[in-house]
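The values are calculated or read from the model by the stated rules, or taken from the named source; none is laboratory data. Quick caveat, the model's predicted, so the values are computed rather than measured. Cβ sites come from the backbone with ideal geometry, for glycine too, and all protein chains shown count toward neighbours. What goes into the accessible areas is simple: the full protein's heavy atoms, side chains included, and nothing from ligands, DNA or RNA. Shrake-Rupley method; radii C 1.70, N 1.55, O 1.52, S 1.80 Å.
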Amino acid sequence: MGANTSREHHLVPKYWLRAFAEDGHVLGRWCSGAEHRTPVRRAAVARDFNTDPLADGERRVALETYLDHHVDNPCAPVLRAVREGRWPLDGAQHALVLDALAWQVVRTRAFRSFDEQVGRQLFPTLWASEAVGFCEKQLRRPLSDAERMEVFWTAVRTAPGPSVVADPRSALRAMIRAFERTRDLLTVPGRRLVVLRAAEPLLTLGDSGVALRRKDGTFCLTPPLLPETVEVFAPLSPTCLLISTPRAHYRPYQGLTRKIAAKANAGAAAWCQDAVYRLPPCPGPPGCSFPAPRWRSGRRG
């Protein structure tokens, strides 16, 4: 890896974090309840998060470089324009925002941790299915229903850990595939982007950047489970909320209400791994409480 290549990868882009910062710092509220100022360069980061373990040199950070050059750099001025009130966007700018939202859904520890848990749960079933096929190939005949069930459940009970067939690049592959699925979802006919603004700071930013909210008010975990009715809440600043939604009940002329801000802040807390960030002078925003998601890790970033 090159000497100038950082191994600290931002899970939320620095340009996004700066909108919640004062003097280069955000106020981080950790899951423990403690609050302290965090430099933007150290907020929402994970070491070697997008590193390819099988590549050499600069190719080890090809994905991180791609995100920097082709997602974050071109999108930064567009989201800044949205925060400053320049709306609606033209077609190219709109496409950049959708790319940024889709990548933000999957470039987080919340997504990766849940994806790994799903893989561990599914592996015994996949192993058993392969065992059934292997037996039929060896016997050169289909198994009876009774034989198939016996082979399948024996294989489930005796399946090794996923590490025996682990792909060191599986996390990166899953992230790219999930981006494509999420991007497709965000572009289906009937979805729209809505911008809501408030006169006072009401929003926090989780270390996952965005939150996915189901129609029933619960928060989704990962793109394979996304229904078409899901809403993407993206706080762009303490006073500006961007929402991708199929629903028509938001009224931009009414602005960002405390009720909607509370929903966005609850999403930030539900999706965060370690902390949510807010502008240091701001009082505690509405809805900022910390449930304990099952996929949360113990690391800080």
Packing-based ranking, highest mean first, of 240-251, 266-277 given that Cβ atoms within 10 Å are counted: 266-277, 240-251
Derived scalar couplings ³J(HN,Hα) [the range 19-29; Karplus, 6.51 cos²θ - 1.76 cosθ + 1.60; whole Hz; x for Gly, Pro]: 5, 10, 10, 9, 6, x, 10, 10, 9, x, 9
Approximate spin-label separation Ala248-Glu200, in nm, with each point projected 7 Å along Cα-to-Cβ: 3.4 nm
Cα convex hull of the range 1-112, projected area averaged across orientations, nm²: 8.5 nm²
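Ratio of the range 55-154's C-alpha Rg to 2.2 N^0.38 Å, to two decimals?
1.87
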List Arg191, Arg140, Arg60, ordered by accessible area with a 1.4 Å probe, largest first: Arg140, Arg60, Arg191
Segment Leu54-Arg169, length gained on full extension (0.36 nm per residue, minus Cα span): 40.6 nm
Potential lengthening between Arg258 and Ile176 on full extension [0.36 nm per residue; Cα-Cα distance subtracted]: 26.0 nm
Stokes-Einstein D in µm²/s, Kirkwood radius over Cα pairs - the range 130-217 at 25 °C with 0.890 mPa s viscosity: 130 µm²/s
Additional length obtainable on full extension of the chain from Trp153 to Glu130, 0.36 nm per residue less Cα span: 7.1 nm
